[in-house]
Amino acid sequence: MTSRTETNGSQCEEDPHTSSDIRPPLDATDGHVHPRAAVTVLCLAGIVVALMQTIIVPLIPQLPTLLNADASNTTWAITITLLVGAVATPIGGRIGDMYGKRLAILASLGFVAVGSITCALSTSLPLFILGRGLQGLGFGIIALGISVMRDIVPARYLGSAVGTMSASLGIGGALGLPFAAAIAQHVSWHALFWSCGAAAALAAVGVVLTVPKSSSASGGRFDLLGALGLAGVLVCLLLPLSKGAVWGWAAPLTLGCFGGFVVLLGVWSAVELRRPNPLIDLRILGERPLLLTNLASIATGFAFYAMQLIPIQLLMAPTSSPNGFGYDMVHASLILAPSGLVMFALSNLSGRINAALGARVSLALGGAVIGIGYVVFIVGLAGPWALTWVHMLVIACCIGAGLGIAYSAMPALIMQSVSIEQTGESNGVNALMRIIGTSTASAVVGMLLTWSMITVTGPDGTDPDGGVISVPASEGYLWASGIALTACVVASVVAMAIPGRRGLTEPPCDTGPRRT
């Protein structure tokens, strides 16, 4: 273990074998030069990834017609992106640590561009699914971008830069929905993917021009066996979460996948702990700060995605249904869009809270603010007052504010606990934890809303034929919101259990032997 001694309150004793490799270049972090152009480009790359995830939403009901496929098969257009993205995120982080984070970002953007073009040229479901899978390889860009910022941004600006990068996910997600709905409605669905491909290509050019090469690449041999094992573990977990409602939660295939997840996880963990150069260092992830941060991230991801699923269905439900608003996709998404702007605005506040009180307080506060949004929703739905679009706007803004604070705190907590050469890997795993949280939310919320389905007529034009349609009842929304509110409480409690460390200043010194 490399010894650590305090000098002037923040410096570590220099180890001739490691310090020159793990410290950022002096000209990039001299405390005065702020690489604003690079930070801006990285944030735009994050927005591209968020857009890639949301542009499919307006097309979901039309995919069977557009691609001449069965409706049950077109759901793979979403599932494949989730599975590939979940696997690619931690692997991309590890590759970034080994061979350079800029190279990993450029490769990810290249896959997004190629995948988008493939989707734009698709006329059949198999080719479209291939394109969506290639797009999923870009999921790790935000985690990689945050890791790059640790290399190039001076410590005094790092908190705000990380917050802005984290908020790019919310901006792209909130603004992408109305953008995608408008383009699909007034131009063509192919134009959506051409736009996404062009944006990815432009972002890649910006990265080449503004982001310097990483000076902290650790090198070493890539753990292919560990990568294949991780892929098997995540497929066995996320596939039944995504398809369980279709297969049946008690179906042999669903239970078999969950059983396979348990077995593969045990075998994979045992193998990784014995490897000298593992894909993911499970010993570090088992330490209290990272373990609790990742647990809080799962709960926060659950709360975030539950509120992505609930309001849009309520806003688009016919007025003949309980609490339905009867809006179309464009109007409904415009009501929810300000949440992304609020998320962006509040992300910088998280950096200030990190510096003043510690990142764990930011994470706990973010969970509490998200919880306030759920409380307003539950009271409005169950109380004597009718919900209006204004209430939905306020609720969405509460969720955005909480996410802006919480999502900025997570990478800060990660970077306080690991060396620079493990930043990409650790941020990638943290992003994976959020994916697991969102996938679980999708399964749980979808199951509850399906369970509560009732039939109503569609006289307001929500149903093209004005006939009978199925919509979730208030009980489904209340149960889903109650569980998500519990997740907010869990996230805040777990966050406060993380060992305290104030601020996000100089990256910690190397705390272990370098991998070879």
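Read-outs: derived from the displayed coordinates by stated rules, not from any lab. In this text, all values refer to a predicted model and were calculated from it rather than measured experimentally. Neighbour counts are summed over all protein chains in view; Cβ atoms, including those assigned to glycine, are modelled from backbone coordinates with ideal geometry.
Annotations for the structure displayed:
- Paired Rg and Dmax values of the stretch 223-278, which use every Cα atom, in angstrom: 12.9, 41
- 3J(HN,Hα) from dihedral phi, the stretch 160-177, Karplus parametrisation 6.51/-1.76/1.60, rounded to Hz, x for glycine, proline: 5, 5, 5, x, 5, 5, 5, 6, 4, 5, x, 5, x, x, 6, 7, x, 5
- Ranked packing of 188-197, 407-416, most packed first, by mean Cβ within 10 Å: 407-416, 188-197
- Whole-number D in µm² s⁻¹ for the stretch 297-384, Kirkwood Cα-pair radius fed into Stokes-Einstein, 4 °C, 1.567 mPa s: 88
- Mean Cβ count within 10 Å, highest first, over the residues of peptides 310-322, 420-432, 63-75, 42-54: 420-432, 42-54, 310-322, 63-75
- By the count of other C-beta atoms within 10 Å, a proxy for reagent exposure, Asp97, Asp281 are ordered fewest to most as Asp281, Asp97.
- When you restrict to C-alpha pairs under 8 Å that are six or more residues apart and normalise by the size of the stretch 33-217, the relative contact order lands at 40 percent.
- Considering every alpha-carbon pair of the chain, the percent of pairs per 10 Å bin, from zero through the bin containing the longest distance, is 4, 19, 31, 27, 13, 5, 1, 0.
- Dividing the summed -39500 (n - 2.57) terms of all DSSP H runs of n ≥ 4 by the residue count of the chain sets its mean residue ellipticity at 222 nm at -24000 deg cm²/dmol.
- The stretch 34-79 pair-distance distribution - Cα-Cα, 10 Å bins, rounded %: 24, 33, 20, 15, 7, 0
- Here the relative contact order of the chain, from alpha carbon pairs under 8 Å that lie six or more residues apart, stands at 23 percent.
- Expected-Rg normalisation [2.2 N^0.38 Å, Cα atoms] applied to the stretch 33-217: 1.03
- In this structure, the amide hydrogen of Ile454, modeled 1.01 Å from its nitrogen in the peptide plane, lies closer than 5 angstrom to those of Val471, Ala473, counting only residues at least 5 positions away or on a different chain.
- Helix 423-451 and the longest principal axis of the C-alpha atoms of the chain enclose an angle of approximately 20°.
- Relative contact order computed over the stretch 286-506 (Cα-Cα under 8 Å; 6+ residues apart), in percent: 38
- Between the helical axis of 76-99 and the longest alpha-carbon principal axis of the chain there is an angle of about 10 degrees.
- The angle between the Cα long axis of helix 36-54 and the longest principal axis of the Cα atoms of the chain comes to about 30 degrees, rounded to the nearest 10.
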